[in-house]
1. Of the residues A:Leu318, A:Leu271, only one is free of Cβ contacts under 8 Å to residues at least 12 places away in the same chain and within 23 Å of the chain's Cα centre (by Cα); which?
2. Please go through (1) within 10 Å of chain B (Cβ to nearest Cβ); (2) farther than 30 Å from B:Phe53 by Cα; (3) in contact with a Leu (Cβ under 8 Å, 6 or more places away or on another chain) for A:Val266 and return the number of the only condition it doesn't satisfy.
3. Within the bounds of segment A:386-406, is there any residue that is crowded, with 24+ Cβ neighbours inside 10 Å and under 18 Å from the mean Cα position of the chain (by Cα)?
4. Have a look at A:Ala127, A:Ala131, A:Ala90 and point out the one that is more than 23 Å from A:Leu247 (Cα to Cα) and within 14 Å of chain B (Cβ to nearest Cβ).
5. Provide a single number: the residues in segment B:202-219 that are within 7 Å of chain A (Cβ to nearest Cβ), over 17 Å from A:Ser171 (Cβ atoms) and outside any helix (DSSP H, G or I).
6. Could you check how many residues of segment A:270-292 are of a type outside the set (Phe, Trp, Tyr) and within 12 Å of ligand 2 (Cβ to nearest atom)?
7. Could you list all residues from segment A:283-311 that are surrounded by 24 or more Cβ atoms within 10 Å (Cβ to Cβ) and among the polar types (S, T, N, Q)?
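The values are calculated or read from the model by the stated rules, or taken from the named source; none is laboratory data. Since this is a predicted model, take the numbers as computed values, not measurements. A quick note on method: Cβ atoms are made from the backbone with ideal geometry, for glycine too, and the neighbour counts reach across all protein chains shown.
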Amino acid sequence: MRLPIIGYVLSDVIVSWIITLIIGGFLLWWLTAKRKWPLILDYIGTTDNRKIGTMYILFAILFFIRGGMDAMFIRTQLAVPDNDFWVFQADKYNEVFTTHGTVMIFFVAMPLLIGLMNIAVPLQLGANDLAFPYLNAISFWLFVSGAFIFNMAFFFNAAPNAGWTAYAPLSNDTFTSGPNNNYYIFGLQISGLGTIFTAINMIVTIARLRAPGMKLSRMPLFPWATLVTSSLILVAFPVLTVALLLLMFDRFYGTSFFGGEFGSPVYWQHLFWIFGHPEVYILVLPAFGIFSDIISTFSRKRIYGYTSMVISITLIGLLGFMVWAHHMFTVGLGALANSVFAITTMLIAVPTGIKVFNWLFTMRKGVVRMTTPMLFALGFIPTFVIGGVTGVMLAVAAADYQYHDSYFVVAHFHYTMIGGTILGAFAGIYYWYPKMTGKMLNEKLGKWHFWLFIIGFHLTFLPQHFAGLNGMPRRVFTYTWEDGVFLFNFVSTIGAYLMGISMLFVLWNLFKTHRSGTSSVDGDPWDGRTLEWTTDSPAPEHPFPNVPVVDRLDAYWYAKVNQTNLPQTKDVRPDPISIRTFQPILLAGVLMVMSIGFIYHWMWLQILGGGSVLAFFLIRSWTDERNEAYRKGEKS
Amino acid sequence: MKKTGWILTLFLLSGCSLRVLDPASPYADKITRLIYLSFGIMMLVFVVVMILFVHFLKKFHETSDRVDEIPVDESGNRKLEITWTVLPVLLLVILAVPTVTTTYQLTSGASQGEGGQDKERVIIHVKAEQFRWEFTYEGGEVSYDKLVLPLDKEVELRLTSEDVIHSFWAPNLAGKIDVFPDKETRLVFTANKLGDFQGKCAEFCGSHHALMRFETTVMEASAYETWLQDQ
Ligand code: HEM
Ligand SMILES: [Cu+2]
Ligand SMILES: [Cu+2]
């Protein structure tokens with residue numbers, strides 16, 4: 001179909017316009033009928049960590065649906081050889097896997113984890129909020145803004161199409177002209193800014209706001225993982241920012257960083273993976289932290305080998321910066337470079353192995369309770385170990401000449417990213433749901449979700465290893481009968497549908513839990529060990545009027561065992577100030593306007609948006625929300 | 001975990017027919033051995049983890065008589081922790097040594113474009129462009145999407161791209177080598193089995209990346225010469 005301005009449009013875009021209009025209209029009606037607008041305004045203007053964390057997770061679920069639908073289209077198109085499913089061939093297929101990968105990494109996995117950090121980390125530390133609540137709101141709205149920019153592209157029939165790695169020169173304007181990959185650049189640029197701010201916020205919170213007595217050596221492992229991850233973000237994300245900026249200059253202003261006489265497409269690959277490899281540890285370390293807390297809680301034992309757990313995550317974080325070229329073994333960097341990066345990559349298996357054995361030995365001699373969060377943690381162990389051992393196989397540089405860019409790699413990274421990050425996020429959501437909402441998710445539906453998801457997962461991704469070994473490259477929209485990969489792909493597609501179905505149980509569970517007078521739970525429904533379980537459920541905006549004093553790891557647990565109460569300090573210390581403000585969403589809005597100006601090369605909009613952003617900085621420089629608090633303080 | 005077992009059997013049954021594990025050159029054969037070695041070591045690790053996992057779950061899951069039990073506090077065990085640090089290191093050393101030697105053997109100077117002029121080698125120029133392969137032989141003969149190689153002769157491919165990055169991959173014969181617009185890469189191997197082998201572009205290169213395939217035919221040296229003359 002040909003339309004003015006937008007041009008030639010295929011039916012999938014039109015169908016999504018219609019569906020979006022219908023769902024959007026229904027939502028507007030529902031919100032108005034149920035008088036939900038004040039609640040929404042309350043959340044938009046909030047700087048409270050629990051509310052912001054909850055919104056992170058809600059948006060992540062929304063984008064999970066989007067990325068998941070992309071995955072279903074991919075799997076349907078690949079179900080049988082020489083398939084012609086709907087529109088998903090050639091360019092359309094390329095758009096779908098590009099948006100699938102980018103959305104899943106930046107707009108699903110990241111916000112799920114950051115959301116859980118927002119909710120749990122301050123509570124576990126005994127802090128009343130993050131160190132910079134206002135900055136936290138900015139981070140969140142920048143994420144939303146970047147995610148909207150990226151997801152908008154599809155609706156304007158201009159979805160990015162150079163893969164989530166956007167390799168030059170394919171991502172240059174010579175080979176992919178049009179706004180498509182501009183959306184990629186600006187979507188990631190703006191949400192990445194938000195991520196960097198979150199990292200700063202987390203580091204300062206952990207450094208400054210721990211409860212009295214909570215030395216770093218007594219801190220639970222989720223905050224520890226958050227600390228290491230945030231440091232990785234602080235180093236890795238600016239590299240992405242720079243890379244995207246250079247790519248933008250190549251695309252917009254004819255520079256030649258990644259091509260031409262002096263530039264080289266390999267520079268892009270280095271920059272991208274210097275960011276990209278740490279990024280995968282940024283995604284998995286918080287999940288490790290979540291699993292550590294959950295396995296310990298539901299084994300009723302403290303974590304085995306706490307010190308080596310901490311050393312391991314730190315080591316993994318450090319080594320994570322020294323392995324990027326294992327994504328470039330086939331580039332021809334030479335035997336020396338390939339060997340060195342092969343060995344550094346293998347080294348990472350050691351601290352990871354230490355963690356796995358410590359988790360196992362935490363359960364030994366414990367009392368292992370099979371709750372939903374624990375099931376996800378248990379599912380994680382074999383799944384992630386498979387992903388880990390295929391990782392070591394990939395590290396064998398010479399062998400990677402075969403695996404590289406084949407379905408073997410697709411299988412490997414889904415084992416680590418779904419087996420690690422996504423299972424971890426699910427576990428964390430079931431575990432901390434009482435802290436978010438005051439209610440417990442239904443255990444029975446939770447278990448259905450787990451079993452369908454994990455079975456579907458292995459069905460989807462195990463066969464892909466063999467498809468790869470039989471010569472199926474990744475990012476292909478079709479294959480033939482002679483390729484001999486039909487069975488692998490067919491099983492894979494069935495598994496993907498099973499995973500899709502399992503997600504319906506989550507929606508049903510949410511619906512059931514919030515439907516009607518389900519009663520609230522008390523502060524400590526799981527018999528927990530860490531400070532978040534000393535507060536009410538849901539956690540109030542000011543959870544610790546008197547901060548507990550901690551004298552050991554899992555102090556709350558030992559207090560319960562000894563039937564005492566945690567001592568509390570009388571010393572009140574200055575708390576982060578929470579306010580109600582609409583500045584963050586406005587800033588995110590004007591940045592989005594500016595981005596659209598760039599994406600479509602509309603100079604006037606760039607100036608308008610850029611000017612507004614500057615104006616915003618000025619306004620912000622002259623406001624100080626602490627003034628009011630000072631005034632109050634003086635009066636009393 | 002039953003599924004794993006099932007698919008593993010399938011793997012063992014069909015292992016030898018998966019292209020990567022069905023080498024038709026000493027080059028690919030080296031990789032195949034390396035893959036089996038790494039797979040073996042890694043299965044060992046996986047099995048150990050699974051035994052502990054299943055055993056601990058069977059033995060220590062909550063039963064109705066243990067609902068109120070509070071297990072004895074333990075913080076760790078130096079000796080055990082050293083064990084599972086040192087053993088993996090040993091396993092990795094066993095893997096790392098052949099990794100490095102094979103990587104050096106296969107990543108000959110040739111892949112960086114500095115191979116000497118070896119008289120014995122058959123040199124074929126490969127040009128990749130969206131979305132086809134052009135092969136130029138020593139006498140200037142040209143073929144598209146079809147590469148013909150003489151049996152038991154060392155060939156050296158010299159690859160360049162006309163546009164974006166592609167990657168040359170014929171899984172039975174050799175590993176991948178990326179093809180760049182701004183530099184020449186090389187790949188050296190010797191086909192030692194007659195027959196037709198699939199080849200594919202393995203680096204995403206745009207709309208019809210999936211269709212950018214070629215076929216490799218390995219012929220007796222004499223048949224190769226006649227084939228060249230017919231071009
Ligand atoms: C929900 C089930 C999922 C299914 C069925 C699925 C399926 C797939 C498939 C088949 C591909 C390969 C596409 C191709 O090479 O042509 C792919 C690519 C990818 N997936 Fe998934 N996926 C799922 C979830 C996820 C999740 C949760 C993440 C990340 C956290 C993820 C990250 C990626 C990435 C990064 C790529 C690479 C995209 C690219 O090549 O540019 N996927 N997925
Ligand atoms: Cu990596
Ligand atoms: Cu290609």
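1. Going through A:Leu318, A:Leu271 in turn, the sole match is A:Leu318.
2. Answer for A:Val266: the failing condition is (3).
3. The answer is no, given that none of the residues of segment A:386-406 is crowded, with 24+ Cβ neighbours inside 10 Å and under 18 Å from the mean Cα position of the chain (by Cα).
4. The unique qualifying residue is A:Ala90.
5. Result for segment B:202-219: 2.
6. 9
7. A:Ser292, A:Ser296, A:Thr297, A:Ser299 - these are the residues of segment A:283-311 that are surrounded by 24 or more Cβ atoms within 10 Å (Cβ to Cβ) and among the polar types (S, T, N, Q).
Okay, residues lined up against (1) surrounded by fewer than 23 Cβ atoms within 10 Å (Cβ to Cβ); (2) more than 16 Å from ligand 3 (Cβ to nearest atom):
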| position | (1), (2) |
| --- | --- |
| A:Lys435 | no, yes |
| A:Trp448 | yes, yes |
| A:Thr460 | no, yes |
| A:Gln464 | no, yes |
| A:Ala467 | no, yes |
| A:Met472 | no, no |
| A:Phe477 | no, no |
| A:Gly484 | yes, yes |
| A:Trp508 | yes, yes |
